[in-house]
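Below is one structure, written out as structure tokens; the observations come after it.
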Amino acid sequence: MSFAPAPDRVEMREGSHLPPQMPLLKRRSWLPQAEAERQSQRLQREAGFRCSEPLF
């Protein structure tokens, strides 16, 4: 089964990579672009998250 999101939605993945050899995907969701941007800014501001390249 294939899932094709709407073109105005962004995939948001929450995961962990400690230890680096064992990435773990905790949650995956599709958000409207505006909501994804708000979530990204909030996580960077409040939790110290930083954007990075995908692990896998």
Checklist entry - Karplus couplings for the stretch 40-49 from phi (6.51 cos²θ - 1.76 cosθ + 1.60, θ = phi - 60°), rounded to Hz, Gly and Pro as x? => result 4, 5, 5, 5, 5, 6, 8, 10, x, 5
Checklist outcome for this item: Once both label points are put 7 Å beyond Cα along the C-beta direction, the Arg45-Ser16 separation in nm becomes 2.7 nm
Next on the checklist: Could you check the spin-label model distance between Arg38 and Leu25? Points 7 Å from the Cα along Cα→Cβ, value in nm.
Outcome noted: 2.6 nm
Checklist outcome for this item: Counting Lys and Arg as +1 and Asp and Glu as -1 over every other residue whose Cβ sits under 13 Å from the Cβ of Leu25, the net charge comes to +2
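No lab work stands behind these numbers, since they all come straight from the coordinates. The structure displayed is predicted, hence computed values, not measured ones. Positions of Cβ are generated from backbone atoms using ideal geometry, with glycine treated the same way; all protein chains shown enter the neighbour counts.
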